[in-house]
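The values are calculated or read from the model by the stated rules, or taken from the named source; none is laboratory data. All figures in this text were calculated on a predicted structure; none of them were measured in a lab. With ideal geometry, Cβ positions are generated from the backbone for all residues, glycine too; neighbour counts draw on all protein chains shown. For accessibility, only protein heavy atoms count, side chains too; no ligands or nucleic acids. Shrake-Rupley method; radii C 1.70, N 1.55, O 1.52, S 1.80 Å.
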Amino acid sequence: MIDLDTVVADTRSLIAIDSTNPGRLEADCADWIERRLRRLGCDVVRHPVAPGRDNLQVTVAGLDRDAPRFVLVSHMDTVPIGEGWTKPPFGGVIEDGLLYGRGACDMKAGLALTLGLVDALVGTGTVPPADVVAFYTVDEEAPGMRGAHQLVESGLLRPDDQILAPEPSGMRLRIAQMGLRWLTLRVHGRMAHAGRAHLGTNAAHVLAHIMAQLETVFAALPFDDDILGRARFTTGVVGGGVAVNVVPALAEAELDLRIVPPLVPEDAVRIVDNVAARVVSGYEGASYEIELLGARRPPVRASDDAPVVRTLRAAYERATGSPPGIGGADGHEAYTDSAMIAALTGSTSATVLGPGATDQAHTADEFVPIADLELGARLLWDMVRSWPTAPAGGRP
């Protein structure tokens, strides 16, 4: 069995390491993970992604080396600390069954569970039915998600890999994930004295009109997925202008477009383009441009018949007496490494279930319940022990 005390201690040690992105990044975290695994006698392989930023890989060989592998993907980076904390962000404080700190749920607790699994297998001499592979990635919290891209582009994944990201999902099965497209919308106008504003074209006013129209258009889209719900539009960053008494000639916004099937990212961009063109046409001298931001992220969904999904569901029912929840507050709005891998490869055998809730991720006083770690440890151990090795449906 996976030792819960060890998992908690590892989570606290990982929280103590600053791996914020942007910020200190993952090097110290990667070094700690490598030392931890090498003390177990594991071979750890580093896969360079960028200078000073390496993905890590460890493999516990199984009895059937040709069977679909159980692949666990955990990212090492966290979002920045931010303001409003009442607990020390790197303290790993435990109060009332909750473990606090930046990355507590997103996702150093899930990462620690994978270390605990490797520790339990190696420490007890247990040979799993098939290979168990753990990847530790960089850059998941950034627009480009370069760590996940490296896993795919370097051929480190197999077509029949069964992938689980122990990301915070409230211990619910995230069988589907929303797609998203980030972009920068840049509007150009004509500068003028604010006292003679009619001689200029106010780029900020044009941009505001576009954003208001986009909110209306996205809200009216007819698509309502049974798990993912409806598409969503958010303006995350807005800027422009040089002085209060100058009509701004430039304004820009970074937009977050969350989409559900049958929409794909190109549809979201097309909607923005159409709305912007319509609005800009009503302002003399105005123009606009769209710049894509980050990786293309379409909606993805795992197959109900995928071995990783069937095995996880069975383990969950044995542990709790009921099937795992799906949808609702499982964080399907947040794109993960497993979703990016599915998007890049077409895999329908990549899913998410892990400790902590997305509602606590990226917040001040982020926390993970110890009870989630306990259940996660039981699930991973059960999944490995009951892993199917015969050919099965649901492979990519």
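Filter segment 267-290 down to the residues that are under 22 Å from the mean Cα position of the chain (by Cα) and either closer than 20 Å to Val237 by Cα or touching a residue at least 40 places away in the same chain (Cβ under 8 Å) (or both) and list them by number.
Across segment 267-290, the qualifying residues are Ala268, Val269.
Is at least one residue of segment 311-320 among the aromatic types (Phe, Trp, Tyr), surrounded by 23 or more Cβ atoms within 10 Å (Cβ to Cβ) and either touching a helix residue (DSSP H, G or I) at 6+ places or on another chain (Cβ under 6 Å) or more than 23 Å from Gly294 (Cβ to Cβ) (or both)?
Yes, the conditions are met somewhere in segment 311-320.
Go through segment 115-154 and count every residue that is on the phi < 0 side of the Ramachandran plot and within 17 Å of the chain's Cα centre (by Cα).
17
Kindly indicate the residue of segment 1-17 that is open to solvent by 40 Å² or more (accessible area, probe 1.4 Å) and of a type outside the set (Val, Ile, Thr) and also modelled with the lowest pLDDT among those meeting that condition.
Met1
With respect to Val49, determine if the residue is open to solvent by 20 Å² or more (accessible area, probe 1.4 Å), assigned to a loop (DSSP other than H, G, I, E, B) and aliphatic (A, V, I, L, M).
no
Looking at segment 23-46, which of its residues are within 18 Å of Leu113 (Cβ to Cβ) and part of a strand (DSSP E or B)?
Within segment 23-46, Val44 is the sole residue that qualifies.
Could you tell me how many of the residues in segment 274-310 are part of a helix (DSSP H, G or I) and either open to solvent by less than 60 Å² (accessible area, probe 1.4 Å) or of a type in the set (Phe, Trp, Tyr) (or both)?
Result for segment 274-310: 8.
Report yes if Arg181 is closer than 30 Å to Gly285 by Cα, basic (Lys, Arg) and crowded, with 20+ Cβ neighbours inside 10 Å, otherwise no.
Judged against the criteria, Arg181 is a match.
So, in segment 336-379, of the ones that are among the β-branched types (Val, Ile, Thr) and over 18 Å from Val73 (Cα atoms), which residue ends up least open to solvent (accessible area, probe 1.4 Å)?
Top of the filtered list is Val368.
Could you list all residues from segment 52-78 that are in a strand (DSSP E or B) and either open to solvent by less than 10 Å² (accessible area, probe 1.4 Å) or free of Cβ contacts under 8 Å to residues at least 12 places away in the same chain (or both)?
Asn55, Leu56, Val58, Phe70, Val71, Leu72, Val73, Ser74, His75, Thr78 - these are the residues of segment 52-78 that are in a strand (DSSP E or B) and either open to solvent by less than 10 Å² (accessible area, probe 1.4 Å) or free of Cβ contacts under 8 Å to residues at least 12 places away in the same chain (or both).
Condition test on Gly125, is it surrounded by fewer than 24 Cβ atoms within 10 Å (Cβ to Cβ) and within 20 Å of Ile2 (Cα to Cα)?
So Gly125 fits the description; yes.
May I ask you to list the residues in segment 321-335 that are part of a loop (DSSP other than H, G, I, E, B) and open to solvent by 10 Å² or more (accessible area, probe 1.4 Å)?
Matches in segment 321-335: Gly321, Ser322, Pro323, Pro324, Gly325, Gly328, Ala329, Glu333, Ala334, Tyr335.
When only residues in segment 18-30 that are in contact (Cβ under 8 Å) with a residue 40 or more places away in the chain and of a type in the set (A, V, I, L, M, F, W, C) count, which is most open to solvent (accessible area, probe 1.4 Å)?
Filtering first and then ranking leaves Leu25.
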